[in-house]
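J.: Quick one: the structure is below, questions incoming.
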Amino acid sequence: MNEQEIQQGDLAALGEEELTAFVESRRWFGSKAQDVAGVRVLDSAVLRTQPPLLVAALAEVRFGAGTHELYQLLLGVRPDGDEPDAEVVSEVDGAVVYEGLSDPALARELVHLMRGETTVQAGEGTIEFRSVDAGAFPGEIPAPRPVGVEQSNSSVVYGDDLILKAYRRVEPGINPELELLRFLTDISFPHIAPLVGWYAYSGPLIDATLGVLQDFLPDSRDGWELALEEIASDPDGFLTRLRRLGEVTGELHSALASDSSDPDFAPEEPSAEALALLTATVDEEIEQVFLDLPETDALEPILGRGEEVRERLRLISHAGAVGRVVRTHGDYHLGQVLWTGEDWVVLDFEGEPARPLAERRNKRSPLRDVAGMLRSFAYVASAAELTQGTAVPDDWEERARAEFLEGYWDLVDRTIVPHGEDGRAKLLTVFELEKAVYELRYELNNRPDWVGIPVAGIVRLLEADV
Amino acid sequence: MSEASGSWFESDPLWFKRAVFYEIHTRGFFDSDDDGSGDLRGIQEKLDYLQWLGIDCIWLLPMYASPLRDGGYDVADFYRVHQDYGTVEDFRNLVDAAHRRGIRVIADFVMNHTSSDHPWFQESRTNPDGPKGDWYVWSDTDDRWTEARIIFLDTEPSNWTWDPVRGQYYWHRFFSHQPDLNFDNPEVQEAMLQALRFWLDLGIDGFRLDAVPYLYERDGTNGENLPETHEFLKRVRAEVDAAYPDTVLLAEANQWPEDVVDYFGDGDECHMAFHFPVMPRMFMALRREDATPIYEILRQTPHIPENCQWGLFLRNHDELTLEMVTDEERDYMYSEYAKDPRMKLNLGIRRRLAPLLDNGRPEIELLTAIMFSLRGSPVLYYGDEIGMGDNVYLGDRDGVRTPMQWTGDRNGGFSRADFAQLYLPPLMDPVYGYQAVNVEAQLRTPSSLLRWLRRFVELRKQHPVFGLGSYEALITSNPRVFAHIRRYEDDTVLCVHNMARSAQAVELDLQWFDGMTPVEMFGRTPFPKIGTLPYLLTLAPRGFFWFQLREGEDG
């Protein structure tokens, strides 16, 4: 290992084992269940050349079966003795390599680069930093602090002004979040945190979005937290807010469907087999989940009922309509909306991170988002009982659904949803079933204590009138 | 704020080795403008379906301007799309939309010849001393190169045809309306490269190079696989590598494997070539209930460079070709698979997969499984994923090119045009007709062939071993069983297939894998651990098992 190299930000000297151990221990590393064969840096760029250095790297994680995934690393490099307050990747000959986003100076550097619209040369490609309006940045970038721990990305908040989201899992093509934020910022859609800047890698290896910078909304409340609180203190008051959320959601879908001249956003007529295609996809997911369901008490109400669930799906999707397909939020629930004190703002347009990017960009019925939010009401009611012992009124979820839907139908562009109440209800049920099955799989893998929520959702759908 | 979106793929010069290809006859896929003929926009409208199916690459039959006397392999203009199919702009849009879904697109490209309608040929025949006078192969006599066989035996008496306009014979290895280009002329070579660049610049991911063995003619040879041909293909490859990374050249050379391997060069010619002889042998092994023909042809298959791949298929847009079998084997295939003489065409059988196998679901699954398990990239033919039938009463190869059956509605959901306007009638018979066999119905039926195939494609994508791994034949105690091992990195897969129509038991010598647990790959069911004794498996009639061999787990 060469002291000079690592101190100049050349990561080639990093040991594969240390790198592997670091990546595997990250919250954002999504494939923990897979057997990792190794990690190596494919390309990197020194983003800050004065110590402490900031290096952005594309790391390839290889799995035993021969597949691989790419991840974005943001690493700091300091001389020995100047210990960072951050997770250390490696200490090699005179230098410490560590998690760069945990270092305020380095996190700030990313914003400076966007404001400066800088293009940095990497080994093979370039990293381009861009801004929507370079004049709109605060004069001094306030002190950064890391926030939350997320499944597939890392976020940093700068004072009360800005929030950066760095995507860890790197996939080819523009990230739908950048695409949607840019579109909605362009048309001045009021219910988002406007896009301020972004950065992206392009080179022979891959073209990919690495991160986005948005306005931070300091005094706003996360929809999930607010729901938990108000379900206990003012359940009826919160229903009014949900009606407004329905309206905002309707406006969001109408806005996303508003430009028929842009092929990436123009609403489209679904093909003749679209509903069958959707049914097949959902059915397949049901089958996979039921294939090796563990025999626990929490799962008891649905054990052995896989065929029944599939039969129900066939029944509700037998005849129906899809309406038109548009770009959607893709992973819509209470945790993705903020109450600013006056109104709702929608966040996180990446789509479900577990699905491939090409799939997340697909146009779909907007009712898929609606179903996601409806499922979220079931979740929050159960969570209020589970985590804080709140006695939630029996009819709260039903009323929440009704309020939200009323607001939604009022403001959504009617041409993009199926005609007629029956068609809309059936399509919603299909999407809710899809969502509940997705939740079931997620909870089984991540939070076994919570499986009761999707189980109850599936039972409800089994027992509802068709 | 708009900027070029760049590429939608991670760089991968070997993508084609892990890919599943899907062959589309544009005219027959989907009609977007109600004129009775499928078109490029129609394919674009069906990309959701193809993405769902999980295929990696679309292969389009020729979509160029053409009088269509040979399904478009008679190109009249390399720079235009056939008017029925749309425009060059439609093509660009299709490629872009496919890329956005992670699907690549390659298309047929015919280098050997053009249509006699091509302006080049018209100029060549009318102006022998003009700039294109030497672009085709002209002769005063029709007695040169008699060693070259006639390919379209049923229609062509000779490889020479008299042109009354120029007063000379011209050379054609295929139909007489498809004069061969003269590759000895450097201008012809340059013209071909230029046409290739035109489509590459539009974003195409590669070409299936049609009829490549026949580019040159030389005295005393049969005019196939000549050194000059390989030299030119190497030049094409060098151009592609230099300017268009991650492009694939797929050679159509219906030749024996030992000749086909030459088209890979030293990894510096074509990336892929079809493995023609393995296909009839799979059908033969099935009918004889004996795995020997498959083992044998794979034993005779030479090694190919690491950066190359075989293309594997069960059926395609042509007849099931029987050029690469012995006379005796051919008689056997005709007697078993072409009982009606109308089913024969040239040296082959013009039928689709399902009717060839008497619509037997276990047989279709078994042959598909074998194809997916072998070294190579599978190529699916549109419609075979739902088990479409054929129509032997239609001429030439039209019987296997009928409209895709999307729904049970009018015209099978292929077109809203009047029935009489359709380029060919859709199948309407009670067994294979669109009311019985269509995409929509099979999407809704969990046990359908289509749903089964999609799971298969998905599994293959999760295991690069099928595209990249080594192949080791397992000789078993039972000749009715075809078994082999594939290995890549830490992944080891055991594939066992029963060719017989009766249940079979087989003992496998797996002592190398002592202590490992076979886990069935579709149901994720662990089987008993492997020990030092022969491993006993029982297989259902035409049944098969694929196992991942895992270290140490308890069964």
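J.: Could you tell me which residue of the range B:373-422 is farthest from the chain's Cα centre (by Cα), considering only residues that are aromatic (Phe, Trp, Tyr) and surrounded by fewer than 21 Cβ atoms within 10 Å (Cβ to Cβ)?
T.: Among them, the one singled out is B:Phe419.
J.: I'd like the full set of residues that are closer than 23 Å to A:Leu195 by Cβ, touching a residue at least 12 places away in the same chain (Cβ under 8 Å) and not small (Gly, Ala, Ser), limited to the range A:105-126.
T.: Within the range A:105-126, A:Leu106, A:Arg108, A:Glu109, A:Leu110, A:Val111, A:His112, A:Leu113, A:Met114, A:Arg115, A:Glu117, A:Val120, A:Thr126 qualify.
J.: Next question. Among the candidates B:Trp8, B:Trp52, single out the residue that is in contact (Cβ under 8 Å) with a residue 12 or more places away in the chain, crowded, with 18+ Cβ neighbours inside 10 Å, in contact with a His (Cβ under 7 Å, 6 or more places away or on another chain) and within 12 Å of chain A (Cβ to nearest Cβ). Let's see the steps before the verdict.
T.: On the way: B:Trp52 fails: in contact with a His (Cβ under 7 Å, 6 or more places away or on another chain).
When all the criteria are applied, what remains is B:Trp8.
J.: Is there a residue in the range B:143-155 that is under 30 Å from B:Val105 (Cα atoms), modelled with pLDDT of 95 or more, not assigned by TED's automatic domain parsing to the domain that holds B:Asn346 and not aliphatic (A, V, I, L, M)?
T.: Kept after step one, since they are under 30 Å from B:Val105 (Cα atoms), are these residues of the range B:143-155: B:151-152.
Filter once more, so that each one left must be modelled with pLDDT of 95 or more: none.
No - not one qualifying residue is present in the range B:143-155.
J.: From the list B:Glu329, B:Glu323, exactly one residue is under 17 Å from the mean Cα position of the chain (by Cα) and either in a helix (DSSP H, G or I) or touching a residue at least 60 places away in the same chain (Cβ under 8 Å) (or both). Which is it? Spell out how you get there, then give the answer.
T.: Numbers: B:Glu329 fails: under 17 Å from the mean Cα position of the chain (by Cα).
Selected residue: B:Glu323, the only one of B:Glu329, B:Glu323 that is under 17 Å from the mean Cα position of the chain (by Cα) and either in a helix (DSSP H, G or I) or touching a residue at least 60 places away in the same chain (Cβ under 8 Å) (or both).
J.: I'd like the residue in the range B:212-258 that is of a type in the set (Ser, Thr, Tyr) and in a loop (DSSP other than H, G, I, E, B) and, out of all such residues, is nearest to B:Glu269 (Cα to Cα). Spell out how you get there, then give the answer.
T.: Initially, the range B:212-258 is screened for residues of a type in the set (Ser, Thr, Tyr), giving B:214, B:216, B:221, B:229, B:244, B:247.
Restricting the remaining residues to those that are in a loop (DSSP other than H, G, I, E, B) gives B:216, B:221, B:244, B:247.
Working: B:Tyr216: 17, B:Thr221: 22, B:Tyr244: 15, B:Thr247: 12 Å.
Across the range B:212-258, the extreme among qualifying residues is B:Thr247.
J.: Keeping to the range A:201-227, report how many residues are touching a helix residue (DSSP H, G or I) at 6+ places or on another chain (Cβ under 7 Å), crowded, with 19+ Cβ neighbours inside 10 Å and hydrophobic (A, V, I, L, M, F, W, C).
T.: The number of residues fulfilling the criteria is 3.
J.: Further question on the same structure: Only one residue in B:Asn438, B:Asn498 is surrounded by 16 or more Cβ atoms within 10 Å (Cβ to Cβ), of a type in the set (S, T, N, Q) and out of contact with any strand residue (DSSP E or B) (no Cβ under 6 Å at 6 or more places or on another chain). Which one? Break it down stepwise before answering.
T.: Numbers: B:Asn498 fails: out of contact with any strand residue (DSSP E or B) (no Cβ under 6 Å at 6 or more places or on another chain).
Answer to the check: B:Asn438.
J.: Can you tell me which condition A:Gly135 does not meet? The list is (1) farther than 30 Å from A:Asp35 by Cβ; (2) free of Cβ contacts under 8 Å to residues at least 40 places away in the same chain; (3) not aliphatic (A, V, I, L, M); (4) not in a helix (DSSP H, G or I), and all the others hold.
T.: Unmet for A:Gly135, out of (1) farther than 30 Å from A:Asp35 by Cβ; (2) free of Cβ contacts under 8 Å to residues at least 40 places away in the same chain; (3) not aliphatic (A, V, I, L, M); (4) not in a helix (DSSP H, G or I): (4).
J.: Okay, moving on. Collect the residues in the range B:101-158 that are assigned to a strand (DSSP E or B) and either surrounded by fewer than 12 Cβ atoms within 10 Å (Cβ to Cβ) or among the hydrophobic types (A, V, I, L, M, F, W, C) (or both), keeping them in residue-number order. Can you show your working first?
T.: Start the filter on the range B:101-158 by keeping residues that are assigned to a strand (DSSP E or B), which leaves B:104-110, B:113, B:136, B:138-139.
Listed by number, the residues that qualify are B:Val105, B:Ile106, B:Ala107, B:Phe109, B:Val110, B:Trp138.
J.: Among all residue pairs at least 6 apart or on different chains, which show Cβ distances below 6 Å where the first residue, located in the range A:287-299, is in contact (Cβ under 8 Å) with a residue 60 or more places away in the chain and the second is of a type in the set (D, E, K, R) and assigned to a helix (DSSP H, G or I)?
T.: Taking only residues 6 or more apart or on different chains, the pairs are A:Val289/A:Arg441.
J.: Tell me, which helices (runs of 4 or more DSSP H) lie completely within the range B:435-491 with 2 or more residues that are among the small types (Gly, Ala, Ser), modelled with pLDDT under 95 and in contact with a Phe, Trp or Tyr (Cβ under 8 Å, 6 or more places away or on another chain)? Walk me through it before giving the result.
T.: Details: elements: B:439-444, B:449-462, B:465-468.
No helices (runs of 4 or more DSSP H) qualify here.
J.: Let me ask another. If I ask for residues that are crowded, with 19+ Cβ neighbours inside 10 Å, at pLDDT below 95 and in a helix (DSSP H, G or I), which ones from the range B:339-354 would you list?
T.: B:Met343
J.: Any residue in the range A:289-296 that is assigned to a loop (DSSP other than H, G, I, E, B) and within 30 Å of A:Phe183 (Cβ to Cβ)? I'd like the intermediate steps shown before the answer.
T.: Residues of the range A:289-296 assigned to a loop (DSSP other than H, G, I, E, B): A:292-296.
So of that shortlist, the ones also within 30 Å of A:Phe183 (Cβ to Cβ) come out as none.
For the range A:289-296, residues assigned to a loop (DSSP other than H, G, I, E, B) and within 30 Å of A:Phe183 (Cβ to Cβ): absent.
J.: For residues that are small (Gly, Ala, Ser) and more than 14 Å from chain B (Cβ to nearest Cβ), scanning just the range A:178-219, find the one that is nearest to the chain's Cα centre (by Cα).
T.: As a first pass, look at the range A:178-219 and keep what is small (Gly, Ala, Ser): A:188, A:193, A:197, A:200, A:202-203, A:208, A:211.
The next check asks that each one be more than 14 Å from chain B (Cβ to nearest Cβ); those that pass are A:193, A:211.
Working: A:Ala193: 15, A:Gly211: 13 Å.
Of everything passing the filter in the range A:178-219, A:Gly211 is nearest to the chain's Cα centre (by Cα).
J.: Hey, another quick one. If I ask for residues that are of a type in the set (Gly, Ala, Ser), in a loop (DSSP other than H, G, I, E, B) and within 28 Å of the chain's Cα centre (by Cα), which ones from the range A:9-42 would you list? Working first, answer last.
T.: Of the residues in the range A:9-42, the ones of a type in the set (Gly, Ala, Ser) are A:9, A:12-13, A:15, A:21, A:25, A:30-31, A:33, A:37-38.
Right, trim to in a loop (DSSP other than H, G, I, E, B) and you get A:9, A:15, A:25, A:30-31, A:33.
Matches in the range A:9-42: A:Ser25, A:Gly30, A:Ser31, A:Ala33.
J.: Follow-up. Filter the range A:36-87 for residues that are out of contact with any Leu (no Cβ under 9 Å at 6 or more places or on another chain), polar (S, T, N, Q) and away from chain B (no Cβ under 14 Å) and give the result.
T.: Across the range A:36-87, the qualifying residues are A:Thr49, A:Gln50.
J.: Next question. Would you point out the residue of the range A:239-276, among those that are crowded, with 21+ Cβ neighbours inside 10 Å and of a type in the set (Ser, Thr, Tyr), that is farthest from the chain's Cα centre (by Cα)?
T.: Only one residue fits best here, namely A:Ser271.
J.: Could you please let me know if A:Gly320 is closer than 22 Å to A:Gly372 by Cβ, in contact with a helix residue (DSSP H, G or I) (Cβ under 6 Å, 6 or more places away or on another chain), more than 14 Å from chain B (Cβ to nearest Cβ) and crowded, with 17+ Cβ neighbours inside 10 Å? Can you show your working first?
T.: Numbers: closer than 22 Å to A:Gly372 by Cβ: yes; in contact with a helix residue (DSSP H, G or I) (Cβ under 6 Å, 6 or more places away or on another chain): yes; more than 14 Å from chain B (Cβ to nearest Cβ): no; crowded, with 17+ Cβ neighbours inside 10 Å: yes.
When the stated conditions are applied, A:Gly320 does not pass them.
J.: From A:Ala65, A:Ala56, A:Ala45, grab the single residue that is in the same structural domain as A:His112 (by TED's automatic domain parsing), under 25 Å from the mean Cα position of the chain (by Cα) and not in a helix (DSSP H, G or I). Give the derivation first.
T.: Numbers: A:Ala65 fails: under 25 Å from the mean Cα position of the chain (by Cα); A:Ala45 fails: under 25 Å from the mean Cα position of the chain (by Cα).
When all the criteria are applied, what remains is A:Ala56.
J.: Kindly establish whether B:Ala211 is within 21 Å of B:Ser66 (Cα to Cα), surrounded by fewer than 22 Cβ atoms within 10 Å (Cβ to Cβ) and modelled with pLDDT under 95. Talk me through it step by step, then tell me what you get.
T.: Numbers: within 21 Å of B:Ser66 (Cα to Cα): yes; surrounded by fewer than 22 Cβ atoms within 10 Å (Cβ to Cβ): yes; modelled with pLDDT under 95: yes.
In short, yes.
J.: Is it the case, given these coordinates, that B:Asp84 is among the charged types (D, E, K, R), over 24 Å from B:His172 (Cβ atoms), within 17 Å of the chain's Cα centre (by Cα) and modelled with pLDDT of 95 or more? Before the answer, list the steps.
T.: Numbers: among the charged types (D, E, K, R): yes; over 24 Å from B:His172 (Cβ atoms): yes; within 17 Å of the chain's Cα centre (by Cα): no; modelled with pLDDT of 95 or more: yes.
Criteria not met by B:Asp84.
J.: Okay, next question. If I go through the range B:499-555 residue by residue, how many of them are within 19 Å of B:Ile294 (Cβ to Cβ) and in contact with a Lys or Arg (Cβ under 6 Å, 6 or more places away or on another chain)?
T.: Number of matching residues: 4.
The values are calculated or read from the model by the stated rules, or taken from the named source; none is laboratory data. On a predicted model such as this, the values are computed, not experimentally measured, just so you know. Backbone-built Cβ (ideal geometry, glycine too); neighbour counts: all protein chains shown.
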